[in-house]
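See structure below.
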Amino acid sequence: MNLDKKTVLITGANRGIGRALVDEALRRGAKRVYAGTRSALHNTDKRVTPLTLDVTSVSQIQRAVAEVDNLDVLINNAGVAIYDDLSKLDVIEQHLAVNLLGPLNVTQAFLPLLRRSKGAIVNNLSLVALAPVPVIPAYSISKAAAFNMTQSLRAVLAGQGVTVHAVFLGPIDTDMNRGFEIPKASAETAAQGIFDGLEKEEEDIFPDPVSRSIAEGWRAGAAKALEREFAAFVPESVS
Ligand SMILES: NC(=O)c1ccc[n+]([C@@H]2O[C@H](COP(=O)([O-])OP(=O)(O)OC[C@H]3O[C@@H](n4cnc5c(N)ncnc54)[C@H](OP(=O)(O)O)[C@@H]3O)[C@@H](O)[C@H]2O)c1
């Protein structure tokens with residue numbers, strides 16, 4: 001999908017990849033960008049509409065839906081990553097609340113608008129959805145679960161004209177991995193890669209140099225073949 005004259009909603013839009021996505025969407029001609037944030041947002045572009053949106057707050061999600069008339073692209077970008085060793089259940093729950101249940105609740109709330117526009121859902125995941133990084137296992141679990149959720153939504157919504165895209169981000173230079181000294185792509189590069197993938201209608205998007213290095217292997221692999229095979233089991237009532 002091309003962003004020209006489209007309406008886009010981005011969660012976690014105040015910094016990092018989310019902020020870069022807002023700027024890139026405007027650069028690509030988006031008509032309106034709803035910027036979901038937990039704190040006040042200052043953007044001088046008239047096409048940007050700030051939305052107060054903590055993705056763990058059902059009431060804020062409902063209020064946000066009431067402020068949006070139409071929507072072509074929902075980008076579930078907000079996320080949290082905390083170093084842990086799987087010894088604390090509350091840390092795992094916190095990751096699941098923000099990285100799994102948050103995007104799911106936001107998606108369900110905006111689905112009527114996306115069905116109407118035959119729109120797209122873009123879930124910002126991570127390479128750790130495919131294999132855990134053991135210093136952030138709770139985060140890895142939440143992204144793996146969010147990927148599985150993305151695959152189910154993709155199958156369920158295919159018959160309704162809504163496309164669902166998984167973004168497998170590699171290391172990006174943002175606050176999230178500050179202090180983790182490995183080569184990182186810029187948030188701007190990531191944002192461009194995400195929208196390039198969406199324009200090319202890629203269901204699995206590998207937006208940066210590190211993630212791109214495994215794209216071909218992933219697309220030709222056994223897990224992808226199984227996803228396609230299992231997608232045939234969508235109940236007729238939802239397709
Ligand atoms: N950076 C990387 O290397 C990398 C790699 C793979 C995947 N990703 C994914 O890319 C996405 C963006 O990450 P980033 O690197 O830009 O991270 P970041 O700089 O830490 O920004 C995280 C964003 O998420 C927002 N957020 C956190 N909890 C939220 C909540 N409950 N409700 C609404 N917004 C919330 C933050 O808002 P506040 O400012 O209010 O905290 C902030 O805008 C995340 O899903 C992340 O998992 C990043």
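The values are calculated or read from the model by the stated rules, or taken from the named source; none is laboratory data. Predicted, not measured: the structure shown is a model, and the values here were computed from it. When we count neighbours, we look across all protein chains shown, and the Cβ atoms used for this are built from the backbone with ideal geometry, even at glycine.
Looking at the stretch 99-115, is at least one residue touching a Pro at 6+ places or on another chain (Cβ under 8 Å) and free of Cβ contacts under 8 Å to residues at least 12 places away in the same chain? Looking through the stretch 99-115, none of the residues is touching a Pro at 6+ places or on another chain (Cβ under 8 Å) and free of Cβ contacts under 8 Å to residues at least 12 places away in the same chain.
Residues in the stretch 34-62 that are within 20 Å of Leu104 (Cβ to Cβ) and part of a loop (DSSP other than H, G, I, E, B): Arg38, Leu53, Asp54, Val55, Thr56, Ser57. If you check Glu216 against the conditions, is it farther than 19 Å from Ala120 by Cβ and out of contact with any Lys or Arg (no Cβ under 8 Å at 6 or more places or on another chain)? Yes: the conditions hold for Glu216. Once the stretch 151-172 is narrowed to residues that are crowded, with 19+ Cβ neighbours inside 10 Å and in a loop (DSSP other than H, G, I, E, B), the residue that is farthest from the ligand (Cβ to nearest atom) is Val162.
Residue-wise test of (1) β-branched (Val, Ile, Thr); (2) within 20 Å of the chain's Cα centre (by Cα); (3) at pLDDT 95 or above.
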site	(1), (2), (3)
Glu199	no, yes, yes
Asp204	no, yes, yes
Pro209	no, yes, yes
Trp218	no, yes, yes
Lys224	no, yes, yes
Phe230	no, no, yes
Val234	yes, no, no
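For beta carbons closer than 6 Å, sequence separation of 6+ or different chains, a first residue in the stretch 36-63 that is modelled with pLDDT of 95 or more and a second that is of a type in the set (Lys, Arg) and within 14 Å of the ligand (Cβ to nearest atom), the qualifying pairs are Asp54/Arg38. Summed over the stretch 107-143, residues that are outside any loop (DSSP other than H, G, I, E, B) and within 13 Å of the ligand (Cβ to nearest atom) total 14.
Selection of the stretch 195-239 for residues being closer than 25 Å to Ile75 by Cβ, in a helix (DSSP H, G or I) and of a type in the set (A, V, I, L, M, F, W, C) yields Phe195, Leu198, Val210, Ile214, Ala215, Trp218, Ala223, Ala231. Against the definition (part of a strand (DSSP E or B), β-branched (Val, Ile, Thr), near the ligand (Cβ under 10 Å from one of its atoms) and in contact (Cβ under 8 Å) with a residue 24 or more places away in the chain), how does Ile10 come out, yes or no? In short, yes.
Of Ala40, Ala146, all but one fail to be buried (at least 17 other Cβ atoms within 10 Å of the Cβ) and within 12 Å of the ligand (Cβ to nearest atom); the exception is Ala146. One residue stands out in the stretch 173-194 among those that are assigned to a loop (DSSP other than H, G, I, E, B) and small (Gly, Ala, Ser): the one that is farthest from the chain's Cα centre (by Cα), namely Gly179. Leu153 falls short of the stated requirement of being closer than 18 Å to Leu21 by Cβ and at pLDDT 95 or above.
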